[in-house]
Amino acid sequence: GKTVITYGTFDLFHIGHLNIIKRLSALGDRLVVAVSTDEFNAIKGKRPIVPYEQRLEIVQSIKYVDLAIPEDRWSQKREDIVTYDVDIMGMGADWEGKFDDLSDQVELVYLPRTDGISTTEMKRVLSAF
Ligand code: C2G
């Protein structure tokens, strides 16, 4: 069967995260989701509100997700492709082209982001209260 993989922080899980997970799961028979650890988010310059352990458990609980794993370094993608026998790597369009160096090993898919929702936007709205 065909295995799909994607990567992300998935902080304050919202419909934009669910949409891309659902769409990517439809492209294959198995979906692996790598969730950025708190330490890796520091490297990415992000400070998630929800701790890694909770973000991982939430993603693992989604019916479209077959396996949730930690993402703790940029370089693990090439290893993950081998470890999980990945056929397709999918990301939101904000990452368009960023992982094309892996196109020798996997099919790259970049899907449109869901408009009107983002963790940043949610934080801004919540800070108004
Ligand atoms: N996303 C989306 N629509 C939104 C918000 C997010 O489609 N409104 C997608 C992003 O494009 C990404 C996924 O949801 O593919 C996860 O988003 P983030 O948690 O913001 O992921 P990011 O911090 O960009 O991490 O190595 C890759 C990085 O770990 C990606």
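The values are calculated or read from the model by the stated rules, or taken from the named source; none is laboratory data. Quick caveat: nothing in here was measured; it's all calculated off a predicted structure. Cβ coordinates were reconstructed from backbone atoms using ideal geometry, including for glycine residues, and neighbour counts include every protein chain displayed.
Summary of computed values
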read-out	value
Members of region 74-129 found to be assigned to a helix (DSSP H, G or I), at pLDDT below 95 and among the polar types (S, T, N, Q), listed by number	Thr119, Thr120, Ser127
Selection within region 21-37 - within 11 Å of the ligand (Cβ to nearest atom) and part of a loop (DSSP other than H, G, I, E, B)	Thr37
Per-region count, region 67-84, residues within 24 Å of Asn19 (Cβ to Cβ) and under 13 Å from the mean Cα position of the chain (by Cα)	6
Top-ranked residue of region 3-20 - restricted to ones that are β-branched (Val, Ile, Thr) and in a helix (DSSP H, G or I), ranked as nearest to the ligand (Cβ to nearest atom)	Ile20
Residue check for Asp72: touching a Phe, Trp or Tyr at 6+ places or on another chain (Cβ under 7 Å) and charged (D, E, K, R)	yes
Output for region 75-118, where each listed residue is near the ligand (Cβ under 8 Å from one of its atoms) and in contact (Cβ under 8 Å) with a residue 24 or more places away in the chain	Lys77, Gly90, Met91, Gly92, Leu111, Arg113, Thr114, Ile117, Ser118
Residues of region 19-57 that turn out to be farther than 15 Å from Val4 by Cα, among the hydrophobic types (A, V, I, L, M, F, W, C) and surrounded by fewer than 18 Cβ atoms within 10 Å (Cβ to Cβ), as a count	4
Residue satisfying condition, being of a type outside the set (Lys, Arg) and within 16 Å of His17 (Cβ to Cβ), within set Glu121, Glu107	Glu121
Region 38-71, subset assigned to a loop (DSSP other than H, G, I, E, B) and within 10 Å of the ligand (Cβ to nearest atom), residue farthest from Lys98 (Cα to Cα)	Pro48
